[in-house]
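Everything below concerns the one structure shown next.
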Amino acid sequence: MKFARADILIYNDQAPIDRNDPQSQNMAVEYSLPRAFSKKAKTCWEYFSGAAYLFEYKGCLVVTDESLYLTAHGDGTHEAPFGAPRWILDSWEELEKVLEVTWDDLEADNLL
């Protein structure tokens, strides 16, 4: 596992979905947020508790919502509705930065 760290937990609570490659979806590993992340990043993650899930999948970190979609799929029609993860990231550092920026955006929009 490329993204395994000593300061994360591995969960198996959620069954993620890959509509493009259903046979590979069981290879996804669900992680907790690293304990070493900034307070702002951890607070943002807690804000999305129950609405954001973190997986390692096909060499990337994938943050998905309640849909648990690991990849983008569909064309938006009734027969093939569009679905996608929130973010697909290449590093823990990138995830931490995205969470910090998201928190700043939520604060600026008075959504907290």
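Quick notes on this one:
- Note on segment 69-112: among residues that are more than 12 Å from the chain's Cα centre (by Cα) and of a type in the set (Phe, Trp, Tyr), the one that is nearest to Tyr57 (Cα to Cα) is Phe82.
- Single unsatisfied condition, Gln23 versus (1) touching a Gly at 6+ places or on another chain (Cβ under 6 Å); (2) surrounded by fewer than 18 Cβ atoms within 10 Å (Cβ to Cβ): (1)
The rows are residues; the columns are (1) touching a helix residue (DSSP H, G or I) at 6+ places or on another chain (Cβ under 7 Å); (2) aliphatic (A, V, I, L, M); (3) closer than 24 Å to Phe37 by Cα; (4) at pLDDT below 95.
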residue	(1), (2), (3), (4)
Thr77	no, no, no, yes
Arg86	no, no, yes, no
Leu89	yes, yes, yes, no
Trp92	no, no, yes, no
Val101	no, yes, yes, no
Glu107	no, no, yes, yes
Leu111	no, yes, yes, yes
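- Filtered residues of segment 29-58 (kept if among the hydrophobic types (A, V, I, L, M, F, W, C) and more than 13 Å from Pro85 (Cα to Cα)): Val29, Leu33, Ala36, Phe37, Ala41, Cys44, Trp45, Phe48
- Scanning segment 57-71 for residues that are modelled with pLDDT of 95 or more and among the small types (Gly, Ala, Ser) yields a single hit, Gly59.
- Segment 44-55, residues that are under 12 Å from the mean Cα position of the chain (by Cα) and exposed (fewer than 13 other Cβ atoms within 10 Å of the Cβ): Ser49, Gly50, Ala51
- Within segment 77-112, the set of residues being touching a Phe, Trp or Tyr at 6+ places or on another chain (Cβ under 6 Å) and of a type in the set (D, E, K, R) comprises just one member, Glu96.
- Of all residues making up segment 72-112, the number that are closer than 23 Å to Asp18 by Cα, of a type in the set (S, T, N, Q) and surrounded by 11 or more Cβ atoms within 10 Å (Cβ to Cβ): 1
- Ala41, sole failed condition from (1) closer than 19 Å to Leu99 by Cβ; (2) exposed (fewer than 15 other Cβ atoms within 10 Å of the Cβ); (3) over 12 Å from the mean Cα position of the chain (by Cα); (4) hydrophobic (A, V, I, L, M, F, W, C): (2)
- Number of residues in segment 58-71 that are crowded, with 22+ Cβ neighbours inside 10 Å and either farther than 18 Å from Thr102 by Cβ or in contact with a Cys (Cβ under 6 Å, 6 or more places away or on another chain) (or both): the value is 2.
The values are calculated or read from the model by the stated rules, or taken from the named source; none is laboratory data. Keep in mind the model is a prediction, meaning the values are calculated, not measured. Reconstructed Cβ throughout: ideal geometry from the backbone, glycine too, with neighbour counts over all protein chains shown.
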